[in-house]
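Participant: Quick one: the structure is below, questions incoming.
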Amino acid sequence: MVLIDLQKVLSTLGLVSSIAKPIPLVGGLAGGLLDSTGSVVSGVQSGGTLNGLLGGGGNGLIAAVNFDDANSTSDNYTATSSTDDTSSTGDGTISAQDACSFTPYSPPSPVILEPFASYDANKALIYRYRQQQSVNLGSWFVQEQWMNPSLFTCASGNKQAEFDIANGWGTVDNARQVLERHWDEWITEDDFKYLAGIGINTVRLPIGYWSLGPVYCQGTAFESVSAAYINSWPRVVRAINWAEKYGLGVLVDLHGAPGSQNGQAHSGVSDGQQNLFNNPTNVQLTINILTYLTQQLVKVNNVVGIQILNEPSNVDGLPAFYTQVLSVLRQVSPEASVFPFYLNDAFDMSRFADYISTRKDFVVLDHHSYFVFGDQNSQATPANQLTASLQPGQGGLSQQIIGASNEGRRNIVIDEFSCALSGQALSNSQDQQADRRSFCTGQMESYTNATAGYSFWSYKTENCASDVNWCFTSAVGYTLPSTFYSYPKSTIQAIQGGVASSAPHDPTTDTSFLSFGTSSPSSENDYSPPTTDDWLAAMGASDPEYDQVTEALATTEFDSVPDSNSASSAAASADTTGEATSSTNDDSTLTTTTLWPVASTPTPASMDTGDIAQAAFALGSRSESGTATIPSSRQQLSSSQKRSLGLTSLPQRAFLLSSQLQRHRFVARSARSHSRKHSKPIKSKSKARRDESAVVYTPEQAAIAKGYSDGWKAAKTFAAFDNSRLGFTGQFISDALNAMDNKIVSGDEGFYKTWFMKGLADGEVQVIKLLAMQAQGPQ
């Protein structure tokens, strides 16, 4: 048993009470999990690999390692001796090169540095703001022993980290060939094609600072082995271009920083030392590396962001470090000033949710969520209870994520999670596969509804055939769904078919909400998102529901929309013919307009297009394995917004708008429609009013109408691009308001925000209706 300083370990990792991580114990066979007090509470062993390590299988400081299969090989590497770095020769000397041999490797064709596609600001915007269904490409450019044990067969030292590979295999050039073979064969273009084909729209790409090449290894631990990485950066670029070819976004994640941000092996070194934050030189080197990445990637269409660090130690100065780095990166270029940067929360979500909330720029909180680690009690929690805890209001984690999302305008992602459960969690299960599937899909649903995306760790391991906990390719269709589309796959086919037959694109159409803070496309041939008019043409000459809603908004006083109780009472006594009724009070005349008549509960034979859409919506929300899913439209509004809208949640409101099962009424205070100052005349576009005098919107009504219209357009525009949905809603709205140059009167921004969300949800329901229309066929 090797003794370690547990207090130092805890300080290095910045563990919080709810987190316990297994940590590899260098050179030892004993190990286990640390609870919040630093106690070893359970052992972890699994066939010679580290199964279930937090932080992307994170090889940390204590873990149980069975070295019995250390001599295992893959088809690519042939070990001729034990895992020792040296062997004895006849004269008693030891030759490291003789100890390990391998098959020399030269790529079929040289991997040259490719150019990126021409920058298109609108296309980049959709990649960066859309909801993310993502997978981590772990152990591709940052090696982890438990995932790729064959690479460590002839590694040096502790045989746990990237540096041990580069410093092993006899010579640096041998190590270069081993790594280049791995980069070329571990993940290929076909993998990106496969991911796109099942609805994954983003990949998280962990890299180390060494991946940038020898220049950025100078002054670091990798300087002596920098020649192993002479051809690494062109392969990183190739990976990004492969992703772009198939419509996949890429989050470039700095998984290993100079000096190590956490002392764990997945940061590149296995000495257990965190020497970043306490070393000004390493801080500056890290800033230089992030500056280079920003310069290279900020104008790459499908790069959705750069993650500044992966799982840093939760040191006191971490927020100050983030602020220092961001202040430099924002000044790199105009595009960098609005580029998304991702900040890991160091397993302290509350602390960094507060930090995110103080910033107005596009910064995203990254939290990693694993249930397989914890104290003895949490390990023994049955799987079905863990699944239930994922539901809003049922568990501490779900409530914490929802709170962080609300505080940080939904700028949060869960960029590492897995299907791993402890043996105790499944010990009393009657159907372990079903319980694990419910647990996995429950995580996906919870993270989708509360955040802007998730990313499974990881795409593959060498033991994928038997690993449904950590291997995405094995889990798909087993413990994970078969597809991951934001909408069912047929939805986008219907959309694309409709747009193809629509009227020619009108370049004068207002799409300013899709160009804030960015440059114009570099040429006329670059991608241009379809406009609202394209969508209306795809659905027919006009969209009656959209026309009716915008017409009603023209004379709607926002704060007079009744709450849910009064709305329900009024609906119960309202006339069922759909005609307008009116009533009077002491202050003004209220005109209540019923947009849709009440209908009886439909039978399958009597269901119209909207009803079919809702049936599809409800069916998809179950997220069963092997079926496409449609998550709830949006995170619930705050309590004040719920009161004003008169509905409990956006999904419920979208349901009312799209079907004929309920009345949906807007209350207009006509006597007050001209009462506010600074109002401006806006002519109604209704054909019946073409010759009438202008309808005057108050600033409040103008904010409502603009918000609803922009939300509606955003829903349709994102859906037209590879079946996407807007994910970073709060940031999108904030950036849109900033770009309006005071078009919304100060004080009315809240109306714009609330009604943007309404238009967004309603637009998404219309996307589902396109699916229903296609399913019905010609009428």
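The values are calculated or read from the model by the stated rules, or taken from the named source; none is laboratory data. Source: prediction; values computed, not measured. Virtual Cβ from ideal backbone geometry, glycine too; neighbours counted across all protein chains shown. The area values use the complete protein model at the heavy-atom level, side chains included, leaving out ligands, DNA and RNA. Shrake-Rupley method; radii C 1.70, N 1.55, O 1.52, S 1.80 Å.
Participant: Of all residues in the range 206-231, which are small (Gly, Ala, Ser), in a helix (DSSP H, G or I) and closer than 17 Å to Val252 by Cα?
Facilitator: Within the range 206-231, just Ser211 meets the criteria.
Participant: Could you grab me the full set of residues in the range 340-356 that are aromatic (Phe, Trp, Tyr) and open to solvent by less than 10 Å² (accessible area, probe 1.4 Å)?
Facilitator: Phe341, Tyr342, Phe352
Participant: Mind telling me which of the residues Asp735, Asp762 ends up being part of a helix (DSSP H, G or I) and open to solvent by less than 10 Å² (accessible area, probe 1.4 Å)?
Facilitator: Asp762
Participant: Okay, next question. Within the range 212-221, does at least one residue satisfy the condition of being over 30 Å from Phe339 (Cβ atoms), surrounded by fewer than 18 Cβ atoms within 10 Å (Cβ to Cβ) and either within 30 Å of the chain's Cα centre (by Cα) or polar (S, T, N, Q) (or both)?
Facilitator: Looking through the range 212-221, none of the residues is over 30 Å from Phe339 (Cβ atoms), surrounded by fewer than 18 Cβ atoms within 10 Å (Cβ to Cβ) and either within 30 Å of the chain's Cα centre (by Cα) or polar (S, T, N, Q) (or both).
Participant: Which one is nearest to the chain's Cα centre (by Cα), of the residues in the range 258-283 that are closer than 19 Å to Arg204 by Cα and in a loop (DSSP other than H, G, I, E, B)?
Facilitator: Gln261
Participant: Looking only at the range 325-339, count how many residues are closer than 20 Å to Asn411 by Cα and surrounded by 13 or more Cβ atoms within 10 Å (Cβ to Cβ).
Facilitator: 9
Participant: Please work out which one of (1) charged (D, E, K, R); (2) more than 27 Å from Asp345 (Cα to Cα); (3) surrounded by 21 or more Cβ atoms within 10 Å (Cβ to Cβ) is the condition Asp431 fails and give its number.
Facilitator: Among (1) charged (D, E, K, R); (2) more than 27 Å from Asp345 (Cα to Cα); (3) surrounded by 21 or more Cβ atoms within 10 Å (Cβ to Cβ), the lone unmet condition for Asp431 is (3).
Participant: If you don't mind, another one. Name the one entry in Gly403, Gly453 that is in the same structural domain as Met147 (by the TED database) and either in contact with a Gly (Cβ under 9 Å, 6 or more places away or on another chain) or open to solvent by less than 30 Å² (accessible area, probe 1.4 Å) (or both).
Facilitator: So the residue among Gly403, Gly453 that is in the same structural domain as Met147 (by the TED database) and either in contact with a Gly (Cβ under 9 Å, 6 or more places away or on another chain) or open to solvent by less than 30 Å² (accessible area, probe 1.4 Å) (or both) is Gly453.
Participant: Can you tell me which residue is farthest from Ser422 (Cα to Cα) among those in the range 385-399 that are in contact with a Ser or Thr (Cβ under 7 Å, 6 or more places away or on another chain) and not β-branched (Val, Ile, Thr)?
Facilitator: Step by step, filter the range 385-399, then rank; the result is Pro392.
Participant: Looking at the range 166-184, which of its residues are within 12 Å of Ala239 (Cα to Cα) and among the charged types (D, E, K, R)?
Facilitator: Across the range 166-184, the qualifying residue is only Asp184.
Participant: Scan Thr291, Thr286 and give me the residue that is part of a helix (DSSP H, G or I) and farther than 30 Å from Asn122 by Cβ.
Facilitator: Thr286
Participant: Let me ask another. Would you check which residues across the range 295-316 are farther than 19 Å from Ala452 by Cβ and in contact with a Lys or Arg (Cβ under 9 Å, 6 or more places away or on another chain) and list them?
Facilitator: Asn314
Participant: Separate question: Limited to the range 305-324, what total is found for residues that are among the acidic types (Asp, Glu) and open to solvent by less than 50 Å² (accessible area, probe 1.4 Å)?
Facilitator: So the answer is 1.
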